[in-house]
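Enquirer: Below: one structure in structure tokens.
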Amino acid sequence: MSGTYLGMPAFPKAAAESTQDASLRGNLRHATHTIRDKRAKAVAELDDWAQLRDAGAAIKNRTLRHLDHYLEQVEAAVTAAGGHVHWAADADEANHLVTELVRMTGESEVVKVKSMATQEIGLNQALEGAGIHAYETDLAELIVQLGDDLPSHLLVPAIHRNRTEIRDIFRREMKHWGRTAPADLTDDPRALAEAARLHLREKFLRAKVGISGANFVVAETGTLVVVESEGNGRMCLTLPETLISVVGIEKLVPTWQDLEVFLQTLPRSSTAERMNPYTSTWTGTTDDDGPQSFHLVLLDNGRTDTLADEVGRQALRCIRCSACLNVCPVYERAGGHAYGSAYPGPIGAILTPQLRGTATELDASLPYASSLCGACYEVCPVAIDIPEVLVHLRERVVQGGAVTIRGERRTLKPAKGHAAERAAMRAARWALDRPAVLGAGQRLAARTRRLHPKRLPGPGRAWTDTRDIPAVPAESFRDWWHRTRPEGDPK
């Protein structure tokens, strides 16, 4: 496994391989069930959870409607507080900006707080190409980095690894990155955490540059917020002389009062905690306290194009809690790597095709990486209707149509391989628009039901490989209604 998602196969092929890995499925099943059970108990403690959920969605919607205003407000506030604001239209521009900012310091090493935005743009690989070593300091991210692996979960990137595998990675790889793991290291979680702590402490004390993301940015003051559970974030945000934060433009909230809502919903939905052990906030720079140089890189990378989609834009409400992954039956069996993106699971299935488009086979397959069971919507703390967006994106893949790409309206052509689906949908639309034709078809299907095959031929074979064709009833509901109800009887 390399450190990039480029060139990965489409979801069906990747999932077909990952579901054959019994160890992976066992690790995922244990971890996701444990997390979601704890989350359910934490959420049940709040009588007003539904109201908090609605409030979070409303705040995010208001922010997205007036995003231009809040972005300008953030820029002014950060600048007034002694920070510097940079704008990045895409991944290449963001990587170039960060690389140049690090080069300006004269340093060749950086420590990093766990950041989905930097994973999205492939920052570590860009820095490595420039001769700059980026050290991940979150325990799970460290495991992934040492194992030359890829994250497979939003909250627990190494969820696909068990502790024995982690011990072996530490023993084998730590010596190549810094302090060597103890020779007698066991797979006891406390021993593994202590080995990581000693290994990382050297990095924290030596690093002059830190790189972070942010969970939230408060527009009224230009304050960035990082919530985490290990304390590594606090070390990265306070010890280096220079701090560079790469943040998606959707992470804004208007006021501190708005932040209060998310500091209640995010911990419970992610780690099942009432509040995070570490909540770090910083506003620009302060003399003799923390980094003396602060740079905020505001990242677009497809977000304004997503905002232009009236249905799909709700994906930008996501606060990266990972609750949807922990309840998704598809993710539990396929794992995160099958999604070929920094954003796995249900949220990745709707966010990635909007940020990257649906031109590749992989991205066009992601809206189909779901059973549409709706469990993801039920647990989402900002009420993103993921099934609705999945169906919306499936229509885009099959039918094509108007989309916004880099601010310009374009017309997409239908994706290849969906001709049979398009024909079936057009036939269904034609029949549903004609009640007489629909009724005749239902009666014909009922009369020939004993002749129906148990498996579909051609493209339909894949569908019936894993499920039965629904049995056709002897009589349609409409015919039954007319037969059993006298004319004019409303009962």
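The values are calculated or read from the model by the stated rules, or taken from the named source; none is laboratory data. Here the structure is a predicted model, which is why all the values come from computation and not from measurement. Ideal geometry is used to build each Cβ from the backbone, glycine not excepted, and the neighbour counts take in all protein chains shown. Keep in mind that these areas ignore ligands, DNA and RNA; they rest on the heavy atoms of the full protein, side chains included. Shrake-Rupley method; radii C 1.70, N 1.55, O 1.52, S 1.80 Å.
Enquirer: For residues that are under 10 Å from the mean Cα position of the chain (by Cα) and in a helix (DSSP H, G or I), tally how many sit in region 340-379.
Expert: In the first step, residues of region 340-379 are kept if they are under 10 Å from the mean Cα position of the chain (by Cα); the result is 341-352.
Add one more test, that the residue is in a helix (DSSP H, G or I), and what stays is 345-352.
Of the residues in that region, 8 qualify.
Enquirer: Scanning for something open to solvent by 30 Å² or more (accessible area, probe 1.4 Å) and over 25 Å from the mean Cα position of the chain (by Cα), does region 51-68 turn up at least one residue? Show your work before the answer.
Expert: So the first thing to find is which residues in region 51-68 are open to solvent by 30 Å² or more (accessible area, probe 1.4 Å), and the list is 51, 53-55, 58, 61-62, 65-66, 68.
In the following step, the residues that additionally are over 25 Å from the mean Cα position of the chain (by Cα) were identified as none.
No - not one qualifying residue is present in region 51-68.
Enquirer: Across region 319-335, which residue is nearest to the chain's Cα centre (by Cα) among those that are within 16 Å of residue 387 (Cβ to Cβ) and either open to solvent by less than 10 Å² (accessible area, probe 1.4 Å) or among the β-branched types (Val, Ile, Thr) (or both)?
Expert: The residue in question is 325.
Enquirer: Let me ask something else. From the list 142, 154, exactly one residue is touching a residue at least 12 places away in the same chain (Cβ under 8 Å), of a type in the set (A, V, I, L, M, F, W, C) and in a helix (DSSP H, G or I). Which is it? Walk me through how you get there before you give the answer.
Expert: Numbers: 154 fails: in a helix (DSSP H, G or I).
Going through 142, 154 in turn, the sole match is 142.
Enquirer: While we're here: With the requirement that a residue be more than 23 Å from the chain's Cα centre (by Cα) and of a type in the set (Lys, Arg), what does region 267-286 give you?
Expert: None - no residue of region 267-286 is more than 23 Å from the chain's Cα centre (by Cα) and of a type in the set (Lys, Arg), so the list stays empty.
Enquirer: Among the listed residues 349, 369, 338, 419, identify the single one that is of a type in the set (A, V, I, L, M) and surrounded by fewer than 19 Cβ atoms within 10 Å (Cβ to Cβ). Break it down stepwise before answering.
Expert: Details: 349 fails: surrounded by fewer than 19 Cβ atoms within 10 Å (Cβ to Cβ); 369 fails: surrounded by fewer than 19 Cβ atoms within 10 Å (Cβ to Cβ); 338 fails: surrounded by fewer than 19 Cβ atoms within 10 Å (Cβ to Cβ).
Every option except 419 fails the conditions.
Enquirer: Same structure, new question: Go through the residues of region 11-33 one by one and say whether even a single one is at pLDDT below 95, charged (D, E, K, R), surrounded by fewer than 19 Cβ atoms within 10 Å (Cβ to Cβ) and not in a helix (DSSP H, G or I).
Expert: Scanning region 11-33, I find at least one residue that is at pLDDT below 95, charged (D, E, K, R), surrounded by fewer than 19 Cβ atoms within 10 Å (Cβ to Cβ) and not in a helix (DSSP H, G or I), so the answer is yes.
Enquirer: Further question on the same structure: Return the pairs, sorted by first residue and then second, in which the second residue is assigned to a loop (DSSP other than H, G, I, E, B) and open to solvent by 20 Å² or more (accessible area, probe 1.4 Å), the first residue lies in region 81-106 and is closer than 17 Å to residue 243 by Cβ and in contact (Cβ under 8 Å) with a residue 40 or more places away in the chain, the beta carbons are less than 6 Å apart, and the residues are 6+ apart or on different chains.
Expert: 81/283; 82/285
Enquirer: Follow-up question, since we're still on this one. If a residue counts only when it is touching a residue at least 60 places away in the same chain (Cβ under 8 Å) and crowded, with 23+ Cβ neighbours inside 10 Å, which strands (runs of 3 or more DSSP E) contained entirely in region 206-300 have at least 1 such residues? Full working, then the answer.
Expert: Details: elements: 209-212, 216-218, 223-228, 242-248, 278-282, 293-299.
Strands (runs of 3 or more DSSP E) meeting the threshold: 209-212, 216-218, 223-228, 242-248, 293-299.
Enquirer: All but one of (1) open to solvent by 60 Å² or more (accessible area, probe 1.4 Å); (2) outside any helix (DSSP H, G or I); (3) closer than 26 Å to residue 208 by Cα; (4) out of contact with any His (no Cβ under 6 Å at 6 or more places or on another chain) hold for residue 134; state the number of the condition that does not hold.
Expert: Of everything listed in (1) open to solvent by 60 Å² or more (accessible area, probe 1.4 Å); (2) outside any helix (DSSP H, G or I); (3) closer than 26 Å to residue 208 by Cα; (4) out of contact with any His (no Cβ under 6 Å at 6 or more places or on another chain), residue 134 misses just condition (1).
Enquirer: May I ask you to verify whether residue 360 is of a type in the set (S, T, N, Q) and open to solvent by 40 Å² or more (accessible area, probe 1.4 Å)? Please lay out each step first, then the result.
Expert: Values: of a type in the set (S, T, N, Q): yes; open to solvent by 40 Å² or more (accessible area, probe 1.4 Å): yes.
Yes, satisfied.
Enquirer: Hey, among the residues in region 152-191 that are more than 28 Å from the chain's Cα centre (by Cα) and among the β-branched types (Val, Ile, Thr), which one's most open to solvent (accessible area, probe 1.4 Å)?
Expert: Among residues in region 152-191 that are more than 28 Å from the chain's Cα centre (by Cα) and among the β-branched types (Val, Ile, Thr), the one most open to solvent (accessible area, probe 1.4 Å) is 180.
Enquirer: I would also like to ask the following. How many of the residues in region 81-99 are of a type outside the set (Gly, Ala, Ser) and either outside any strand (DSSP E or B) or at pLDDT below 95 (or both)?
Expert: The initial filter retains those residues of region 81-99 that are of a type outside the set (Gly, Ala, Ser), namely 84-87, 90, 92-93, 95-99.
Those still in the list that are either outside any strand (DSSP E or B) or at pLDDT below 95 (or both) too: 90, 92-93, 95-99.
Qualifying residue count, region 81-99: 8.
Enquirer: Restricting region 463-486 to residues that are of a type in the set (Gly, Ala, Ser) and more than 39 Å from the chain's Cα centre (by Cα), which is most open to solvent (accessible area, probe 1.4 Å)? Break it down into steps so the answer makes sense when it comes.
Expert: So the first thing to find is which residues in region 463-486 are of a type in the set (Gly, Ala, Ser), and the list is 471, 474, 476.
So of that shortlist, the ones also more than 39 Å from the chain's Cα centre (by Cα) come out as 474, 476.
On the way: 474: 71, 476: 17 Å².
Out of the qualifying residues, it is 474.
Enquirer: How many of the residues in region 373-416 are open to solvent by less than 60 Å² (accessible area, probe 1.4 Å), of a type in the set (Lys, Arg) and farther than 26 Å from residue 320 by Cβ?
Expert: 0
So that you can scan it fast, the table gives a plain yes or no per residue for (1) touching a Lys or Arg at 6+ places or on another chain (Cβ under 8 Å); (2) at pLDDT below 90; (3) not in a loop (DSSP other than H, G, I, E, B):
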| residue | (1), (2), (3) |
| --- | --- |
| 381 | yes, no, no |
| 397 | no, no, yes |
| 420 | no, yes, yes |
| 430 | no, no, yes |
| 450 | no, yes, yes |
| 453 | no, yes, no |
| 486 | no, yes, no |
| 491 | yes, yes, no |
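Enquirer: Also: Can you name every residue in region 422-456 that is within 21 Å of residue 468 (Cα to Cα) and exposed (fewer than 10 other Cβ atoms within 10 Å of the Cβ)?
Expert: Passing the criteria: 450, 451, 453, 454.
Enquirer: Would you point out which residue out of 181, 134, 88, 140 is farther than 23 Å from residue 342 by Cα and not charged (D, E, K, R)? First the steps, then the outcome.
Expert: Values: 134 fails: farther than 23 Å from residue 342 by Cα; 88 fails: farther than 23 Å from residue 342 by Cα; 140 fails: farther than 23 Å from residue 342 by Cα.
When all the criteria are applied, what remains is 181.
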